[in-house]
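Rule-based calculations on the coordinates, nothing more; no lab input. Just so we're clear, the structure is a prediction, and the values are computed from it rather than from any experiment. Using ideal geometry, Cβ is built from the backbone for each residue, glycine included, and neighbour counts are taken over all protein chains shown.
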Amino acid sequence: MKADNVNLQGILNSPNRYIIPIFQRYYSWGKREWSQLWDNLMELQYGSQNPGEGHIETHFMGALVFVPDRRPEYSMPTYQVIDGQQRLITLSILMCALRNTARAAGYEELAAEINDTLLVHPYKQKDERYRIFPRQRDRDEYLAIVEHRSLGKNRNHLTEALIWFVRRLESLGHEGNLTEEELRTFFDQTRVGLDFVYITLDEENPYRIFKSLNSTGMNLNEADLIRNFMLMSAGTGTADQDKFDDSHWRPLEAKFEDDEGILNSREFSIFFRDFLMSAGRYIPLSSTFFHFEKTYSGAKFNPRPLTKELQTWADYYNMIRGLVPHDSKTINRALHKLRRLNNAAAWPLLMRLLAMESAGDLSATEFEKSANLIDRFARQMIENESTARSLGRWLAISCKHIGDAPVKNLTVYFQERGYSV
C-alpha cells in the first residue's frame, strides 16, 4: 500500500486515468451532499480573514482508494476507483460548471485551461481522452457534460448536479456577473485547496478490496451487494459485464423504479429476501446477501438464467404490491383483500403460489382459497401479541409445506400451530 497527501490538481492534472469499475454503485449524490461540498468550498474562499500573500486555505476531503489497472491495451497509467467515486465525479462536474460559466462569460483561455488540465487529456483519443471514466449507465450523460453537448430528454441526476453548481457560481457574482478574476480565484482555491489522502493498493482483485471496505462501513445495501455479485459472475471482462448489465440486470431493476426512474433500493433488497424465503426458510433482511451468495456461488454459476427468473418473480412481487394487475379477477380480488391487512410477511408465500398458478399447478379458485387461509391465520396471529412476532417466520417456513395441494396442506400447517382457519 502507498499513501500520499494530494490535492485535486495533483489527482486530475496528471498522466493518470481513473475508471469507475462495474461493481461500484451509480452516481447517487444529491442536494444534501452538493450543499455540504459547496459550504466547504465557501470556507476555502472566505475562511481566512487576513491571508498572507499567496496563502490558500485547505480543506481535507478524506481518503481515495485506487487499484492499478495494468491491462495491456491501456497506453497510459490507469486506476480503478475503489473508494471516492462520488467525490471525484461531483468535483469533475463542478469543474464542468466552472468551465461553462467561464466560456459563457467570454473567458475562453480560462475555460480551456479548466477543460484541458482537469477534465480531458487533450492529446488522447476515444475513451482515454477522459480523465474520469464512469461506469456504463452514468457514462453517456457524464461524457456529454464533459464535452459540453446536450443530451436532450436523456438528462438525469448528473445534469441536475451541473445545473445546481452553475446556479451557485452565478450567485457569487454581482447581479449574476462574475469577473474573470473571481472565477480564476475560485478555480485556484478549489484545485489547490481540496486535500485528499491518495491510497494505492497493489492488489489483483479490486472487487475483493471493495467488499472489504464495505464490511467496514461503506453504505451499500443488500441489493447493491447482490448486483455486484451477479455482475462479477457475468464475466471477467468489462464488455461482458456491461452487456449483462444492459440486457439482463437493467430490466430487473426497472421493475423497482419510480416514475422518474429512481430505483427503490430498499424495496429491491426486500424483494431478494422474499424470493429467497419462498424456498421455505426465514432470513433476516441484513443477511440477504449472505444467503444469496451462499445459495448461488459456484464455478458453474451462470447469472443470466437466474436473472430471467428474477424478472418473472419481480412481476409476481409487483402484482402483490398492486402495481401490476393479474389477468385473473379472482386473483386480483384475493390480493387486494390481503393488501388491506398491510402485512408483508405473507409475500414470499404469495409469490410461491403465483408461480404455481403461472405454471398451471394451481387454479385461480385454489389461489383465492389459499389467500383466504393466509388472511385468517395472519389476523389471528396479529391479535395474539405473544405470537405476532413469529408471523413472518411461520409464513416463510410454510412455503416448503404447501406441496402440490396448497389449500389442504396450508390448512393442516396452520392447524398444527393451534389456529382455526
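Counting only C-alpha contacts under 8 Å and six or more residues apart, can you give the relative contact order of the chain as a whole percent?
Once divided by the residue count of the chain, the mean separation gives 17 percent.
On average, how much area does the Cα convex hull of the stretch 283-390 cover when viewed from any direction, in nm²?
Convex hull of Cα atoms, orientation-averaged projection: 8.2 nm².
Report, in listed order, any pair from 329/369; 243/300; 308/400 with a Cα-Cα distance greater than 21 Å.
Table pairs above 21 Å Cα-Cα are 308/400.
Using the Cα atoms of the stretch 2-215 to build a convex hull, what is its mean projected area in square nanometres?
Reported value for the Cα convex hull: 12.9 nm².
Reachable lysines from residue 2, Cα under 21 Å, same-chain residues fewer than 8 places away excluded?
Result set, ordered by chain and number: 211.
How high is the FRET efficiency from residue 393 to residue 163, r the C-beta distance, R0 51 Å, rounded to 0.05?
Working: r = 48 Å, r/R0 = 0.95.
My answer for the efficiency is 0.60.
As I understand it, the value is the acute angle between the Cα axis of helix 136-146 and the longest principal axis of the Cα atoms of the chain; what does it come to in degrees, rounded to 10?
Approximately 30 degrees, to the nearest 10.
For Cα extents along the principal axes in Å, several values are listed as (i) 77, 56, 52; (ii) 84, 50, 40; (iii) 80, 66, 38; flag the one computed from this structure.
Among (i) 77, 56, 52; (ii) 84, 50, 40; (iii) 80, 66, 38, the one derived from this structure is (ii).
Taking 0.36 nm per intervening residue step and subtracting the Cα-Cα distance, what contour gain separates residue 285 from residue 337 on full extension?
Separation in residues times 0.36 nm, less the Cα-Cα distance, equals 16.2 nm.
Given that compact globular proteins tend to follow 2.2 N^0.38 Å, what is the ratio of the alpha-carbon Rg of the stretch 222-416 to that value?
The value comes to 1.06.
Which value in deg cm²/dmol, rounded to the nearest 500, describes the helix-derived mean residue ellipticity at 222 nm for the chain, given -39,500 (n - 2.57) per DSSP H run of n ≥ 4 and division by the residue count?
-17000 deg cm²/dmol
Mind checking the angle between helix 406-416 and the chain's longest principal axis? C-alpha axes, 0 to 90 degrees, to the nearest 10.
Once rounded, one gets 80 degrees.
Which value in nm describes the separation of the simple spin-label points at residue 46 and residue 306, placed 7 Å from the Cα toward the beta carbon?
Label at residue 46, label at residue 306, 5.4 nm between them.
Between the helical axis of 347-358 and the dominant principal axis of the chain, each derived from Cα atoms, what acute angle in degrees is found, rounded to the nearest 10?
Helix 347-358 and the main axis of the chain meet at about 70 degrees.
How much FRET efficiency would the formula 1/(1 + (r/R0)^6) give for residue 299 and residue 181, where r is the Cβ-Cβ distance and R0 is 60 Å, rounded to 0.05? Can you show the working numbers first?
Working: r = 62 Å, r/R0 = 1.04.
Efficiency, rounded to the nearest 0.05: 0.45.
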